[in-house]
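The values are calculated or read from the model by the stated rules, or taken from the named source; none is laboratory data. This is a predicted model, so every value here is computed, not measured. Here Cβ is always computed from backbone atoms with ideal geometry, including for glycine, and neighbour counts include all displayed protein chains.
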């Protein structure tokens with residue numbers, strides 16, 4: 001009996017629901033500006049920015065990023 005040659009389907013990486021629920025910024029500068037404004041409005045906040053690998057946009061986070069790229 002011959003084997004079935006199942007083709008591997010390539011799936012494009014799409015943003016998850018979690019990513020879509022976050023505020024997205026088109027570049028690092030706009031994300032940094034938004035983070036600075038939020039920290040000025042609430043002095044207890046410590047925000048940093050990161051580039052999302054799923055949607056390729058920028059997001060804010062309360063945890064400090066260890067990635068310096």
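Quick notes
- The residues of region 19-62 that are touching a strand residue (DSSP E or B) at 6+ places or on another chain (Cβ under 6 Å) and part of a helix (DSSP H, G or I), listed by number, are 28, 31, 32, 35.
- Filtered by the rule that a residue be modelled with pLDDT of 90 or more and loosely packed, with under 14 Cβ neighbours inside 10 Å, region 16-29 gives 23, 26, 27, 28, 29.
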